[in-house]
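Q: One structure, as structure tokens, below. Some questions next.
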Amino acid sequence: MNSNASGESGHVDADVLVLVEDPLVLASVRRVVAAVDQSADEGPQPVSRQQWNRASAVVLDIAHAKACSSRNPRRSRVFLVGESEPTLDEWKYATSIGAQAVFTLPADENALVAVLAEHSVSRGEGTVVAVVGACGGAGASVSAAAIALASAARRIPTMLVDVDALGCGADVVLGVENVPGLRWAALTVEGGRLSADALRDALPARGQHLRVLSCSRGEIGGPSVTALGAVLDAGRRSGGLVVCDVSGCRGLEGEAVLEGSDAVVMVVPATVAACVAAEKVGMWAAQHNSNIGLLVRGPAPGGLRGADVATMLGLPLIAVVRGHRSLGSMLERGGLELRRKCALTLGADAVLDGLAAGSRSWSVAA
């Protein structure tokens, strides 16, 4: 699944984020990027955190390294460039944001080509979508699981990632809590990077195309921002779909997932109280990703329509999901199952169709 998004949220199609002022060094970097058949993002400054996190690599000079060290998190695949070697103090700024090597340009063009080409070979075209609950009990976990199941049914390599450590767990929702495999507590990230194939093989499976990374039972500690970044990067390189169950996680971890996602699905029950909460959650989410669409969940005791909710929140409507009578018993007896043309399936398919279209904003559902 490929999402060629660009524009308002700060996510661009560029492979390499280039932050270089010196015209001669910049020209050298442009030659290198062109040589490895990638594109460069030289957009306006300062860059957004989403831009910073989503770039496949960052090539920057010492001035930008100083600026970025105060407002951007440490990440992998950062390369420092300049006309001369940096001083020890300058190198400290670069290493604080994850700089792995320094290249003197244009003399080291071939070496920079090598490191960027190595990454471009392994880069996939996967998609990451975050699912957020507008309020407690909104149904974000069930919706995330439904999207993952629907994706796997299309034979797309899919990973369901559980972000909320205090939730029941994505493995419980899918009925694979007793399936052996890696959980967050046992995941070790070295060097900020994971093997996409090794990660997938280590996770509990639900069928052939779906893997699940959930929080461990009996522990309240969830994934770190670094671990989340590495998992999303590995999932994206696998070329499939990564569905992140953010639910009610509003901390740094939730923000990192939003910034690293191509799109955000906010699940809103069709009640006035939920809409009031959704207005606040939507403002928070929009600070980290502007590509937000709504899944409105029934029943609607006051007759509130999906279009009413979308108008109230000023966000596009992906789909309205009616109440699912057998959902409770299904979750108690083996985990979520999707049936053809049931409400959950239709809602999940609407999300997948929107992602597959690759548009910057969700289409308003009828």
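The values are calculated or read from the model by the stated rules, or taken from the named source; none is laboratory data. Please read all numbers here as calculations on a predicted model, not as lab measurements. Note that we place each Cβ from the backbone using ideal geometry, even for glycine, and neighbour counts take in every protein chain shown.
Q: Of all residues in the stretch 257-286, count the ones that are at pLDDT 90 or above, in a helix (DSSP H, G or I) and within 25 Å of Arg211 (Cβ to Cβ).
A: Of the residues in that region, 2 qualify.
Q: Against the condition closer than 19 Å to Ile156 by Cα and basic (Lys, Arg), how does Arg217 come out, does it pass?
A: No.
Q: Here is a follow-up. Taking Ala144, is it at negative phi, small (Gly, Ala, Ser) and touching a residue at least 60 places away in the same chain (Cβ under 8 Å)?
A: So Ala144 passes the test.
Q: Let me ask you something else. I need every pair where a residue in the stretch 238-256 that is at positive phi has its Cβ under 9 Å from the Cβ of a residue that is modelled with pLDDT under 90 and not in a loop (DSSP other than H, G, I, E, B), sequence separation at least 6 or different chains.
A: Pairs found: Gly239/Ala196.
Q: Another question about this same structure. If I filter the stretch 323-345 for residues that are at pLDDT 90 or above, on the phi > 0 side of the Ramachandran plot, exposed (fewer than 11 other Cβ atoms within 10 Å of the Cβ) and outside any helix (DSSP H, G or I), do I get at least one hit?
A: No, the conditions are met nowhere in the stretch 323-345.
Q: Considering (1) of a type in the set (Lys, Arg); (2) outside any loop (DSSP other than H, G, I, E, B); (3) surrounded by fewer than 19 Cβ atoms within 10 Å (Cβ to Cβ), say which one Arg211 fails and leave the rest.
A: Only one criterion is unmet by Arg211, namely (3).
Q: Does Arg183 count as in contact with a Ser or Thr (Cβ under 6 Å, 6 or more places away or on another chain) and charged (D, E, K, R)?
A: yes
Q: Right, another one. What's the number of the only condition in (1) free of Cβ contacts under 8 Å to residues at least 60 places away in the same chain; (2) closer than 28 Å to Pro223 by Cβ that Ala270 fails to meet?
A: Unmet for Ala270, out of (1) free of Cβ contacts under 8 Å to residues at least 60 places away in the same chain; (2) closer than 28 Å to Pro223 by Cβ: (2).
Q: What number of residues within the stretch 75-106 satisfy the criterion of being out of contact with any strand residue (DSSP E or B) (no Cβ under 8 Å at 6 or more places or on another chain) and touching a residue at least 60 places away in the same chain (Cβ under 8 Å)?
A: Number of matching residues: 1.
Q: Looking at (1) out of contact with any Leu (no Cβ under 8 Å at 6 or more places or on another chain); (2) crowded, with 17+ Cβ neighbours inside 10 Å; (3) modelled with pLDDT of 80 or more; (4) under 22 Å from Ala256 (Cβ atoms), can you tell me which one Lys66 breaks?
A: So the condition that Lys66 fails would be (4).
Q: Taking the stated definitions as given, is Ser238 among the small types (Gly, Ala, Ser) and at pLDDT below 85?
A: yes
Q: For the stretch 78-93, which positions are over 20 Å from Ala27 (Cβ atoms) and among the aliphatic types (A, V, I, L, M)?
A: Within the stretch 78-93, Val78, Leu88 meet the criteria.
Q: Which one is nearest to the chain's Cα centre (by Cα) among residues in the stretch 29-73 that are of a type in the set (Lys, Arg) and in a helix (DSSP H, G or I)?
A: It comes out as Arg54.
Q: Select from the stretch 53-63 the residues that are farther than 19 Å from Val128 by Cβ and surrounded by 24 or more Cβ atoms within 10 Å (Cβ to Cβ) and list them in ascending order.
A: Val59, Leu60
Q: Might you check whether a residue that is modelled with pLDDT of 90 or more, out of contact with any helix residue (DSSP H, G or I) (no Cβ under 9 Å at 6 or more places or on another chain) and of a type outside the set (Lys, Arg) occurs anywhere in the stretch 177-200?
A: yes
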